[in-house]
1. Separation between the residue 11 and residue 66 pseudo-spin-labels, each 7 Å from Cα along Cα→Cβ, expressed in nm?
2. Where both residues lie in the chain, what percent of DSSP beta bridges are antiparallel, nearest 5?
3. What does the extension gain come out to for residue 356 and residue 229, with contour length at 0.36 nm per residue minus their alpha carbon separation?
4. What does the extension gain come out to for residue 373 and residue 287, with contour length at 0.36 nm per residue minus their alpha carbon separation?
5. Divide, for the range 111-229, the radius of gyration over alpha carbons by 2.2 N^0.38 Å, where N is the residue count.
6. Take every Cα-Cα pair in the chain and report what % of them are more than 36 Å apart.
7. Nearest 0.05, what FRET efficiency do residue 27 and residue 364 give at R0 = 30 Å with Cβ-Cβ as r?
8. Measuring from a point 7 Å past the Cα of residue 169 along Cα-to-C-beta, which residues in the range 199-235 have an amide N at less than 17 Å?
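Nothing in this text is a laboratory measurement; each read-out follows from the coordinates by a stated rule. Remember, predicted model here, so these are calculated numbers, not experimental data. Ideal geometry is used to build each Cβ from the backbone, glycine not excepted, and the neighbour counts take in all protein chains shown.
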């Protein structure tokens, strides 16, 4: 993998880059669709390619449980198994173990957990995680990390930072393949100092890229932004930076403005399956009765194949009768929106107009930018309650 930083925005920390793997060239900032079990639900590889994506995410935890990493390896690896010719990034599964497992016991050696599927017991170490990801054969793989559930004491978060560094060292030491890039994952909860410490710890280990993990797990937008502000300046400028599991359009804008290059999230596909569609003017909830006779496309300004062919009324009908085509068409539209959104965002950076792009987004969605909200809170003398107070 090679990463080239091409341009920096003069009025923010936004940047343009290019990520090259053996299978694809990815212009950054970029969004990765999520296919936890291989495919993005309801879509074929050609769909993703035609929508402009060259990098997608598969999840090692889910694939380890079903069908099993050894079966995938016997079938030639993920690219051969799924038919996807672009690049693949696999999450190590650390987050899923802590969020999905029925029971979970963590020691420095590894994690014992019960599968969320059948209750079977498994033990994953950093060495096992690397073995799984090498068997799956992705282009980019993630180090095994501890994502501490919040709220938590500072001592618990500090211990997670220590353990994440320990596991990162063991992941590096256990690597066997030379054709995969390994990214480290920064943890630290909502503590500025621990976030910065974790970033420095991982940077000293010399990974090919760096991810910011443990966010978008229930904290406020302001807290997420504060953690990015504490973390990103500690990461190398010449390596890709990846914000994990974050994917609402406003989150992409704010992440890019702070120097993030890569994002992934289930938002476009999951929202599509539940009838929530992204447009240049805000969200359309297609299941609502107001669309039963609406002849307009989802978004008159959209160039996707769904908007070119189908009305809101027809999509409303498909959704209400639970036709499986509804999920497919809604997902295609949402992913087109995300792909086009990132393309327009990159163009704005290239033209030196990223701040104007950001302002126009909030204006078109009738939203206030985060700094305006923060100013309003200060003027009103309000204090947001922390999660541990709820």
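1. For the pair residue 11/residue 66, the computed spacing is 5.0 nm.
2. Details: 21 of 44 bridges.
Antiparallel bridges make up about 50 percent of those DSSP assigns within the chain.
3. Numbers: separation 127, 0.36 × 127 = 45.72 nm, distance 2.10 nm.
Separation in residues times 0.36 nm, less the Cα-Cα distance, equals 43.6 nm.
4. Working: separation 86, 0.36 × 86 = 30.96 nm, distance 3.07 nm.
This chain segment gains 27.9 nm when fully extended.
5. On the way: Rg = 14.8 Å, N = 119, 2.2 N^0.38 = 13.5 Å.
Here the answer is 1.09, to two decimals.
6. On the way: 17645 of 75855 pairs.
Tail of P(r) above 36 Å: 23 percent of Cα pairs.
7. Numbers: r = 24 Å, r/R0 = 0.79.
The value I calculate is 0.80.
8. Residues passing the 17 Å test: 199-207.
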